[in-house]
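J.: My questions all concern the structure below.
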Amino acid sequence: MQFFQPVRDRRHAEPLVDQAVAAIEQAIRSQVLRPGMALPSVRAFARDHGLSPFTVSAAYSRLVAQNWLVARPGSGYRIAADLSTKARSPRDQALAGWEPPTLGAAWLLSDVFADHSIPIKSGCGWLPTEWLDETGLRQSLRQVARTPINQLAGYGHPYGYYPLREYICQALAEHGLAIDANQVLLTQGASQGLDVVIRTLLQPGDVIAVEVPSYANILPTLRLAGLTVRGIRRAEDGLCVDELEALAQNEDIKALFLTTVLHNPTGTSLSMNNAFRVLQLAERYDFRIIEDDVSRDLLPGLGPMLAAMAGAGRVVQVSGFSKSIMPSMRVGYVAADAILVREFAKTKMALGLTTPEMMERTVHQVLRQGRHRAHLQRIQERLRQAHDEVCTLIDEHGLEAYVRPGAGLFLWARLPGAWREQGAAQLAELALRDGIWMAPGSYFDPAQADTGWLRFNVAYSRHPALWQFIRKTMLTVP
């Protein structure tokens, strides 16, 4: 049975998963499909509609979660017997029986990654599943599965899978950073890389500088390490160097944690002039720079790379592949001076031994395929379009965009009028009751100050219900 004709226009059409879900819902609503009827198997549906089994499986799973379908072992998928609640709107169906979690920084750091119940995730930090390179991932997994078991049986090298480290060196060379594989340490994501660097280079009580606003997940790590955290304002063209110099003149800064391009949460990037001034201060006052570079693959063209400009001695670069390949591919890396990397490896081994070589081999296979660069270009274009649309919506609803980067995942915007004074946390609490996850600025502030700013993930922030909620709520005085 043909339920719909897929529209494959990446720019204007809904994702294929959404199209399949909508078509089956409509067939149920119009009683073409009745309670208890069996749906075609995943493979049959995929064949009849020219889709991949992965797309159909994702659509079926979503329909099960929304109680349209039931899955029975050995008998496939059937239309749910009780559809009495389905007269409600799709969004109301998603919220049926749903209890919002308790919002807060701890939830953002831990439970959010396991919480799939929230229908609209405008505050999250990753790409939509349907934007991933499904074909490339499947090909890479099949290739790794053919690896002889004797090559996978051990713990692997403390530094990580050598061919991937070589590939990283080649990629960094394109940005002017000339290093070899012994200057790259693979980690379980960039977050572990940052933790390894902190534990190796810093001691409790050391003064370190962070951006304000800052990457939310680094703040608890710094607190756990017992470090003295000082905030430096993030300006539109990068870091406020006057504030940084004033701090360095008065305190012995050991390190600066800095995102060079597509900063999380503001979306800003350092100008070349700003990057040079930051490096000059690091030399003058003798502190290291820890460069968080996880979003560079989402940047069209080139941007400043501090590690390339200053060398691997002054700057420690930390990056990973969760933004460009898949969040569950917990593969990151640290690039630095060879002597430092040797110390980082000791810390890594003390914390958790080697990193999973299976994942590292899979990432390597994805990267070495000829299709990965084209995939990144498609992602960059989709993000550019999403930025344009969300900026328009922000303007129409009276919010103030900090900058308009046109690239990367994030936009930073401030609430209008009385809501600005009230703060974004209260708005986020109200939104959560409607199944909308928003990320208030207090998550990203070392002092947890709430000044009315919100982080929007543009890939998730075009849903009409999000802006209907904002439009409705802005009319009320808190």
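Bear in mind that the values in this text are calculations on the coordinates, not laboratory data. A quick note: this is a predicted structure, and the numbers were derived from the prediction, not measured. We place every Cβ from the backbone using ideal geometry, glycine too, and count neighbours over all the protein chains shown.
J.: Can you give the local net charge around ALA145? Use residues other than it whose beta-carbon is closer than 11 angstrom to its beta-carbon, Lys and Arg +1, Asp and Glu -1.
T.: With Lys, Arg at +1 and Asp, Glu at -1, the neighbours total +4.
J.: Continuing with the same structure: Pulled fully out, how much extra length does the chain show between GLN2 and ALA22, if you take 0.36 nm times their separation in residues and subtract their Cα-Cα distance?
T.: Result: 5.8 nm gained on full extension.
J.: Now for a different question. Calculate, axis by axis, the spread of Cα positions in region 136-368 along the three principal axes, and write the results as whole Å, longest axis first.
T.: Projected onto its principal axes, the Cα set of region 136-368 covers 58, 38, 29 Å.
J.: How big is the antiparallel share of DSSP beta bridges in region 194-321, given as a percent to the nearest 5?
T.: Expressed as a percentage, antiparallel bridges in region 194-321 total about 10.
J.: From the square roots a ≥ b ≥ c of the eigenvalues of the alpha-carbon gyration tensor of region 16-87, which class results: rounded (a/c under 1.5), prolate (a/b over b/c), or oblate?
T.: Prolate, because a/c is 1.5 or more and a/b exceeds b/c.
J.: What is the order of HIS375, HIS364, HIS263, HIS397, fewest Cβ neighbours within 10 Å to most?
T.: HIS397, HIS375, HIS364, HIS263
J.: Scan around LEU69 for amide H atoms under 5 Å from its own, H built in the peptide plane at 1.01 Å from N, and keep only partners 5 or more places away or cross-chain.
T.: Residues meeting the amide H criterion: VAL64, ALA80.
J.: Let me ask another. Over all directions, what mean area does the Cα convex hull of region 213-295 project, stated in square nanometres?
T.: 5.1 nm²
J.: Calculated from DSSP H runs of 4 or more alone, at -39500 (n - 2.57) each and per residue, what is the 222 nm mean residue ellipticity of the chain, nearest 500?
T.: -12500 deg cm²/dmol
J.: With both bridge residues required to lie in region 136-368, what share of the DSSP beta bridges run antiparallel, to the nearest 5%?
T.: Beta bridges within region 136-368, antiparallel portion: roughly 35 percent.
J.: Tell me the label-point distance for the pair GLN31, GLU343, using the 7 Å Cα-to-Cβ offset, in nm and rounded to one decimal.
T.: With each label placed 7 Å out from Cα toward Cβ, I get 7.5 nm.
J.: Still on this structure, please answer the following. Could you tell me the calculated FRET efficiency between GLU381 and ALA173, based on Cβ-Cβ distance and R0 = 30 angstrom, to the nearest 0.05?
T.: Efficiency for this residue pair is about 0.70.
J.: Using label points projected 7 Å from each Cα along Cα→Cβ, tell me how many nm separate SER61 and ARG223, to one decimal.
T.: 3.3 nm
J.: Give the percent of DSSP beta bridges with both residues in the chain that are antiparallel, rounded to the nearest 5.
T.: 55 percent
J.: Expected output is a single nm value to one decimal: the length gained when fully extending between GLU134 and ARG373, i.e. 0.36 nm times separation in residues minus the C-alpha distance. What is it?
T.: My answer for the length gained is 84.6 nm.
J.: Just subtract the alpha-carbon distance of ASN250 and PHE276 from 0.36 nm times their residue separation and send over the number in nm, one decimal.
T.: 7.2 nm
J.: Sequence gap at least 6, Cα distance under 8 Å: using those rules, report the relative contact order of region 356-462 to the nearest whole percent.
T.: Answer for region 356-462 is 24 percent.
J.: Tell me, what is the percent relative contact order of the chain, built from C-alpha pairs under 8 Å that lie six or more residues apart?
T.: 18 percent
J.: State, to one decimal in nm, how far the label point of ALA145 lies from the label point of GLU429, with both points 7 Å from Cα in the Cβ direction.
T.: 4.9 nm
J.: Something else now. Could you give the distance between the Cα centres of region 381-416 and region 287-302, to the whole Å?
T.: Comparing the Cα centres of region 381-416 and region 287-302, I get a distance of 21 Å.
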